[in-house]
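Heads up, the thing below is written out as structure tokens.
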Amino acid sequence: MSKQYTIHTPDDQQSLHIFHIDFDIDDSGSMVQMESKFYNELFNDIPDFAFGKHQVNKRLASGNGIIPIVREAMQKIYSIPEIKEASSYYTGNIDIEDKYIKRGEFGELILYHLLHEYFGADALISKIYFKDSLSLAPHGFDAVHVDTERKNLWLGESKLYKDGSRAIYELIKDLNGHFKTDFFHSEFTIISNRVQDDDGEDNEFIKELINPETKCLDKLANIKIALFAGYSSDCINSCSDPDNAFLDELKAESQKMLDSLSKGKENHPWKNHLDIYLFLLPLKNKTDFVKSLHLKLMGGQYI
């Protein structure tokens, strides 16, 4: 497990989970976030995120060393057209922020990391692997993770926006669009087919849960919904000392976002059957954060 450089603060009801990059002292005596170490921690997950554990193990068993697998995984992510296009934005040539943030591979990577490290839930399938290798359209959920020990299936959506309020608004739209009968049946048909294509072994709990013929109510009884938002935070940006006052401000900022989500959920016809968890990653500057990840991904292809 690799979660050394983030602080996790859940609320009493466990419906709100705040994560922030930890702080340390620099040469000038100032408190700064350990961003570069968090980036390394996050990128350690890229092979499993890109291929899925089963495919990584197959590559290792065939004699491939870990370095070629890491390189191939980073190249696979960078081959996504929107990621390649974003390089122009992040090198200052053109402004495509609004277009790029509608894609979320980095948001999906962070959500993968949080579900894996903090909740012991591994990805059931890799969207990137199947989209690339089988020329299939990606499934609608940003994360499909399973916790076989607790018999839970995590379905996740992710957003990385400058404005946290907008991120919540978009997550509510996803909630309304993805959790309804036709979409649900369609997506579970795709998920079931891809699990079979991956030729890994799954227990009876997973087989029954992802079966398209299983009732929506039976699925929902075992589903947890992770809604992730990374955003530029005034609280993080103004922090000079991560003391108790800082944590109180962070909690107050996050509670407002949870309240907005809860209000939006009230209009959902399935509201009494949705087990929702809000994951928040407040950032000093969302754009600089994604730029750093993007540049690291570009460099990682040549290791």
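The values are calculated or read from the model by the stated rules, or taken from the named source; none is laboratory data. Small disclaimer: the values here were computed from a predicted structure and weren't measured. Using ideal geometry, Cβ is built from the backbone for each residue, glycine included, and neighbour counts are taken over all protein chains shown. Heads up: the accessible areas ignore ligands, DNA and RNA and are worked out on the full protein's heavy atoms, side chains in. Shrake-Rupley method; radii C 1.70, N 1.55, O 1.52, S 1.80 Å.
Tabulated data
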quantity	calculated
Scope the range 14-32; condition open to solvent by less than 30 Å² (accessible area, probe 1.4 Å) and within 15 Å of PHE246 (Cβ to Cβ); matching residues	ILE18, PHE19, HIS20, ILE21, PHE23
The range 235-251: number of residues that are among the charged types (D, E, K, R) and either touching a Ser or Thr at 6+ places or on another chain (Cβ under 9 Å) or under 17 Å from PRO10 (Cβ atoms) (or both)	3
Any chance ILE77 is aliphatic (A, V, I, L, M) and outside any helix (DSSP H, G or I)	no
Residues of the range 251-299 satisfying the condition of being β-branched (Val, Ile, Thr), open to solvent by 20 Å² or more (accessible area, probe 1.4 Å) and closer than 30 Å to LYS76 by Cβ	THR287
GLY230 vs. criteria under 30 Å from LYS291 (Cα atoms), within 24 Å of the chain's Cα centre (by Cα) and in contact (Cβ under 8 Å) with a residue 40 or more places away in the chain	yes
Of all residues making up the range 205-228, the number that are closer than 15 Å to LEU175 by Cβ and exposed (fewer than 13 other Cβ atoms within 10 Å of the Cβ)	0
Tabulated pairs, the range 168-196, first under 27 Å from TYR231 (Cα atoms) and touching a residue at least 12 places away in the same chain (Cβ under 8 Å), second outside any helix (DSSP H, G or I) and of a type in the set (Asp, Glu), C-beta under 6 angstrom, 6+ apart or interchain	LEU171/GLU157; ASP174/GLU157
Any hit, the range 205-221, residues being over 30 Å from THR148 (Cβ atoms) and out of contact with any Pro (no Cβ under 7 Å at 6 or more places or on another chain)	no
Number of the exception - GLU187 against (1) acidic (Asp, Glu); (2) farther than 21 Å from THR214 by Cβ; (3) assigned to a helix (DSSP H, G or I)	(2)
